[in-house]
Amino acid sequence: MVDFIDKRDRADLFRQRLAEALGRCGQTQSGLARAVGVDRSTISALLAPGTRLPNAQIAADCAQALAVSTDWLLGLTEHPEPAEALLDAAVQSVPATRALFDATIFGWHRAAAGYKIRHVPATLPDILKTRDVVLWEYRDALGHHGAQAFASFEAQLALLREVRMDFEIAMPLDEFASFGAATGYWDGIPLATRRAQIDHLISLCDELYPALRLYLFDAHKVFSAPVTVFGPKLAVIYLGRSYFAFGDKAKVAEVTQHFDWLVREAQFGTRETANHLRVLRQSLG
């Protein structure tokens with residue numbers, strides 16, 4: 001935002017930005033005049049040194065014709081893009097597969113190297129699943145692509161090991177209870193598969209701590225949709241068939257605060273979670 005600019009200086013800034021916008025889009029004065037519905041001499045006058053500010057209608061029409069914002073032409077903002085363009089850039093809908101193993105999300109992980117990743121999974125964290133759990137969970141949706149999904153999750157885990165980035169995961173406590181008992185979503189998953197998965201989780205929690213931290217919250221008290229925050233610049237909400245990706249820093253910060261609230265409200269902190277998993281494993285025999 002540009003504040004308290006003298007009218008003469010604002011007029012000079014308008015003239016400079018109008019000329020810049022013309023040059024950027026390759027538009028001529030005659031072409032702009034036709035688009036705006038004025039004489040060419042009117043556009044020439046707007047570009048002449050010492051020009052006065054145009055009326056609001058002409059300023060808005062020029063901005064629309066040149067695909068910039070009126071506020072930018074008038075020196076009220078430093079962003080030339082129209083508000084709708086800024087919104088489109090800040091919030092994007094990206095197609096998603098049933099298992100989050102595509103190149104897009106792996107690219108987000110790589111781009112976040114060196115930053116903290118905060119993750120609320122839809123079920124168990126994909127990156128921490130065993131091959132048998134992946135193949136069982138995604139068999140109907142992915143068929144023979146289940147092996148490809150597991151390979152991608154292994155690649156993300158290898159990246160975590162290699163970079164040693166901070167990776168925090170918060171999830172509902174009842175997800176593990178359901179998994180251990182093979183109820184609800186996990187109805188029918190074999191006992192041997194459950195045992196191996198819990199052993200795998202315990203091993204990873206021990207191996208990767210403190211880079212990997214797992215928190216369990218009580219879903220009766222707090223709630224979260226599946227979401228991942230990739231450092232300070234990107235937050236992604238998983239809808240099922242697509243991700244909503246937020247690039248606006250203020251929105252990313254808001255989602256980050258939501259995740260940090262889940263951590264504060266967690267019934268089990270990261271070391272307590274490891275102990276809880278050991279108790280769950282013992283119950284499975």
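Since every read-out is calculated from the coordinates, none of them should be taken as a lab result. Just so it is clear, the model here is predicted, and its values are computed rather than measured. Glycine gets a Cβ as well: all are built from the backbone with ideal geometry, and neighbour counts include every protein chain shown.
Worth a mention:
- To the nearest ten degrees, helix 7-25 and the longest principal axis of the Cα atoms of the chain are 70 degrees apart.
- Comparing L142, F217, G180 along the charge dipole axis of the chain, the residue lying farthest to the positive side is L142, per the Cβ-charge model.
- Where both bridge residues fall in the chain, DSSP classifies roughly 65% of the beta bridges as antiparallel.
- Filter on K221/K249; K116/K249; K221/K251 - keep pairs with C-alpha separation over 26 Å: K221/K249
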